[in-house]
Each structure stands twice: as structure tokens, then as C-alpha cells.
């Protein structure tokens, strides 16, 4: 399916502030970027780079005053998400080197504290994909998905204590549980067609059966129409912007996902 995705960020800068942005769709996976627009007002120099996870980053020094960032892209993305019940657990010694970091605890995913719970949840599941499915079912039914209920990233332990959270929070819990039983898992930030209410979205992927598969604890029926912006260990790696200094206020963020053509239906 062909989608037009866009994000408008409006800032008020009290002083010159360094920003690192992560707003361009990810290259190198099964999504094709047909057209892209990136506008900054006032126009200033931007340094493009790629981080250690392959995410596109933009670094700049925003001047004092009103500051606008507009991004949009036309993307051909999978119209459905591939599922693989029974996909096997990959033993640690056979994991690719670039997958190994997603086994370890990280800032928001304290996987070293979830082993007992995870083992209980997957007792009767076939090792691999089916274990992740059990984990996702538990997260969906145990932690209430409440869009807009959190304006700062919480750790998986904190989310479990609150029993509710935003998409990022539910992804953190799923990731921590997977890693605690030696299944690599990573967060994904991006766009999702027909998300209600519309916003940037977060889900996670688990490495089983020799590849990454998509899981989303916010949905009972896994939907396609996803445009990936970034991958990482947790939310600290995939924030759409990092500010350095206290003189930056985000006044508004407007996100849109429009269907342009549904004839490109490929599987991810």
C-alpha cells in the first residue's frame, strides 16, 4: 500500500538549542520511499548522519524564536504483517552479531528483573514465536493501553506498577519479558495507518526463526500499513528529537497518515 506520512513540529526556542532529530523513514528494509520532503524554518544548516542502528539522524542548532520542522514522505509499505506461529527459538551461539545487543537489559527494559514472570507466562508454549505471542497476550490483557496517559518514558518495571501506559510503555514490557528468556527484542518507532488517535506509534520486534517479526501489544488484530522511522534497544534510542539545553519548548506536534493507493500489497 502507498501511504503519505507527515509530521509537523513547532517549537519555541528561548535560546540557541542543539537538536538531534530522527524523522526520516528508515532505509534498507521492505518499505520504499517514493518521495520525501524535509522543511526547516527558518532555514539553517543540517548535518545528516546514521547512528549505530542504521537510523537516519539530523543534527542542527536551532536559533531563538519560533522554529518549524515539517517532514512528509510517500512510502510503499506492506499492507499486512507476516505472522509465523511455530517459528523456532534461535540459540544464543547462532545469533548474528548485530542481534546480540538486543538480548541485554537497557535503560527502560530491565530484562534481568522479569525472568520469573516470563518463564511462568510461557510454560506451555513452543520456544520461539509462540512464547512471544504468549507474552504479548499477557501484556495486552494486564496493562491498559491509554493513549496520552504518559508524557515521559517509563521503565518496564514502572509500567507494570501502574498497570497502564502508552504504546511505548507496552512495547517496553514486551521487550523486557522477551529478553529475560533469551529472545532478542527491539523497539520500533514509526507511523501506523488508521491509528486512533493519530500519533507517532511504537511497537516491537522479536528475533525468532532466523529473522525479525512484528508484535504490537496495543492491538488484538495485528495491522499492516506501518512505516518505520527507527529501531533501537528502547525509547532512548528512537526519540524523534533530543534537545540539549533548557531553552526548547515543543508547542505542537501534528501527525498524519493518508492512504494514497492500496494496490501495493506486499508482506513484511
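The values are calculated or read from the model by the stated rules, or taken from the named source; none is laboratory data. The shown structure was predicted, so the numbers you read here are calculated from the model rather than taken from an experiment. No Cβ is skipped: glycine too gets one built from the backbone with ideal geometry, and neighbour counts run over all protein chains shown.
Here are some notes:
- Only a single item in (1) surrounded by fewer than 24 Cβ atoms within 10 Å (Cβ to Cβ); (2) in contact with a strand residue (DSSP E or B) (Cβ under 6 Å, 6 or more places away or on another chain) is not met by residue 221, and it is number (2).
Condition check ((1) touching a helix residue (DSSP H, G or I) at 6+ places or on another chain (Cβ under 6 Å); (2) under 19 Å from residue 110 (Cβ atoms); (3) at pLDDT below 95) across all residues:
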position	(1), (2), (3)
166	no, yes, no
210	no, no, no
227	no, no, no
230	yes, no, no
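- Considering the conditions (1) farther than 13 Å from residue 19 by Cα; (2) buried (at least 16 other Cβ atoms within 10 Å of the Cβ), residue 82 is excluded by exactly one of them, (2).
- Residues that are modelled with pLDDT under 95 and in contact with a strand residue (DSSP E or B) (Cβ under 9 Å, 6 or more places away or on another chain) were ranked within segment 119-153; the one that is farthest from residue 242 (Cα to Cα) is 149.
- Search result, residues across segment 227-244 that are surrounded by fewer than 18 Cβ atoms within 10 Å (Cβ to Cβ) and under 20 Å from residue 174 (Cα atoms): 236, 239
- Scan of segment 69-110 for residues that are in a strand (DSSP E or B) and under 23 Å from the mean Cα position of the chain (by Cα), ordered by number: 69, 70, 71, 72, 73, 74, 75, 76, 80, 106, 109
- Residue 36 fulfils the conditions (1) more than 30 Å from residue 249 (Cβ to Cβ); (2) in contact with a strand residue (DSSP E or B) (Cβ under 9 Å, 6 or more places away or on another chain) except for a single criterion, (1).
- Count of residues meeting criterion [more than 11 Å from the chain's Cα centre (by Cα), crowded, with 24+ Cβ neighbours inside 10 Å and within 10 Å of residue 132 (Cβ to Cβ)] in segment 176-206: 5
- Matching strands (runs of 3 or more DSSP E) fully within segment 1-60 where at least 2 residues are without any contact (Cβ under 8 Å) to a residue 24 or more places away in the chain: 47-50
- Identity of the residue in segment 127-156, surrounded by fewer than 16 Cβ atoms within 10 Å (Cβ to Cβ) and in contact (Cβ under 8 Å) with a residue 40 or more places away in the chain, that ends up nearest to residue 205 (Cα to Cα): 147
- Test: residue in segment 105-125 that is without any contact (Cβ under 8 Å) to a residue 40 or more places away in the chain and closer than 28 Å to residue 25 by Cβ: no
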